[in-house]
Amino acid sequence: MSALQPVRGTHDLLPEETRRHRFVEETARKTAELYGFGEIETPIFEFTEVFSRTLGETSDVVTKEMYTFQDRSGDSLTLRPEGTAGVARAFISGGLAQQVPLKLFYRGPMFRHERPQKGRLRQFHQVGVELLGVESPQADVEVIALGAHILDALGLGDKVTLELNSLGDSESRAAYREALVEYLRGHLDVLSEESRNRLERNPLRVLDSKDENDRKVVADAPLLGDYLNDASRRFFDGLREGLDAVGVAFSVNPRLVRGLDYYCHTAFEFTTTALGSQGTVLAGGRYDGLIGQMGGPQTPGIGWAAGVERLAMLLAAEVPAPRPLAVIPMGQDVAQALALTQRLRRAGFVADLGYSGNMGKRMKRANKLTARAAIILGEEEWSRNAVTLRDLDSGEQEEVQLDGLEDRLARFR
């Protein structure tokens, strides 16, 4: 492949697509702000151990998908494949334990060496939130409600379904793990090699297998919900009651799990049928054991991440560019037009000044830019310290004095 082509699994975001992405990100950020979440930005690469310890040494992400390299000092570094690990590392290295409860929002590019698919690239973008330091299901309700609020604000609320499940506490998961292993050992002859390996190290990950035979076996596997102790049931009841109270509809999916041991209690996904097989657009869960596993203080946490590409694909309409004011000089020194255009920009207006052409060509450019109005600098009007203002939607025009121009333009902002 030519070096002058984008690397496989990456692509250029041209202005139209960038506007869609920015709309998703800014809608998420502004909505998160309403819930008291402050924005954090972590480095795009971290020491590899940050991800290998948090995502699991045997996970597909670690073993197959991470972009890992040695720098000139011999350190093993990895481009971040997800956002939670970096936020957790920042929590520990920044000594933020005294600031809990801590609400954090992030956005930015992530990197995984996967087979490129619709809505899934090797460099992709996410928005996400983490709420650290709260043990009660109230935190879970708030984080999920925020996700639903963002999807509503994007106009996607009627295109998604919230699925959730309880993973229980460590005692419940230990009991379930024992039952699951016993069941799966009775089907070793049909399980894939990968699932047989996972059976010894992390049996819950067999439930996520994409192998067709594995999925048939898993369909009749025991359900985690049947092994929840009383404390776990109370937590799950509190979550569902809270979601009902804030008006967030959900369905319980007893097969929804997370394979890593630091996850507990709540697992949830907002899914859609509008993107084919890539149906999950926002997903998360509670991870009370993560920060302790990384060497920090035992700190409960819950969060989610959403794919910007997938959300942008779901948007119902194009995100329009701002409609500018077109400044059209008619024979004056271009310096006068430049000065007026800059004056308008300083006043907060989007203003465009074509670089050349007669009035006809400049008006065609204004129409191509879907300009809201044209400010025509005719020599006769200019001698009276005035310009012609033409409303390009209605066709109406009037002469306006330069001294009061910004006030007359206010309706075109």
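A few comments on the model shown:
- Residue match in the range 75-83 (condition: small (Gly, Ala, Ser) and over 22 Å from the mean Cα position of the chain (by Cα)): yes
- Per this entry, residue 166 is counted among residues that are crowded, with 16+ Cβ neighbours inside 10 Å and either polar (S, T, N, Q) or touching a Ser or Thr at 6+ places or on another chain (Cβ under 9 Å) (or both).
- Only one entry in 81, 101, 109 is surrounded by fewer than 17 Cβ atoms within 10 Å (Cβ to Cβ) and touching a Phe, Trp or Tyr at 6+ places or on another chain (Cβ under 8 Å), namely 109.
- Qualifying positions in the range 263-291 - in contact with a Ser or Thr (Cβ under 7 Å, 6 or more places away or on another chain) and without any contact (Cβ under 8 Å) to a residue 40 or more places away in the chain: 279, 280
- Subset of the range 194-222 (residues that are part of a helix (DSSP H, G or I), at pLDDT 85 or above and loosely packed, with under 11 Cβ neighbours inside 10 Å): 212
- From 348, 357, residue being at positive phi, surrounded by 12 or more Cβ atoms within 10 Å (Cβ to Cβ), out of contact with any strand residue (DSSP E or B) (no Cβ under 8 Å at 6 or more places or on another chain) and of a type in the set (Gly, Ala, Ser): 357
- Note on the range 240-251: residues that are touching a strand residue (DSSP E or B) at 6+ places or on another chain (Cβ under 6 Å) and surrounded by 14 or more Cβ atoms within 10 Å (Cβ to Cβ) amount to 1.
- Test: residue in the range 335-346 that is more than 21 Å from residue 137 (Cα to Cα) and in the same structural domain as residue 52 (by TED's automatic domain parsing): no
- Residue 310 vs. criteria within 18 Å of residue 173 (Cβ to Cβ), surrounded by 21 or more Cβ atoms within 10 Å (Cβ to Cβ) and assigned by TED's automatic domain parsing to the domain that holds residue 104: no
- Of all residues in the range 374-382, none satisfies being surrounded by fewer than 13 Cβ atoms within 10 Å (Cβ to Cβ) and under 44 Å from the mean Cα position of the chain (by Cα).
- Taking the numbered list (1) at pLDDT 90 or above; (2) surrounded by fewer than 17 Cβ atoms within 10 Å (Cβ to Cβ); (3) under 20 Å from residue 262 (Cβ atoms); (4) not acidic (Asp, Glu) in turn, residue 70 passes all entries but (3).
- The residues of the range 1-46 that are free of Cβ contacts under 8 Å to residues at least 60 places away in the same chain and β-branched (Val, Ile, Thr) amount to a single one, 18.
- Each residue in the range 141-169 was checked for being among the charged types (D, E, K, R) and either at pLDDT below 95 or more than 18 Å from the chain's Cα centre (by Cα) (or both), and 4 of them qualify.
The values are calculated or read from the model by the stated rules, or taken from the named source; none is laboratory data. As the structure is a computational prediction, the values presented were derived from the model and not from experiment. Positions of Cβ are generated from backbone atoms using ideal geometry, with glycine treated the same way; all protein chains shown enter the neighbour counts.
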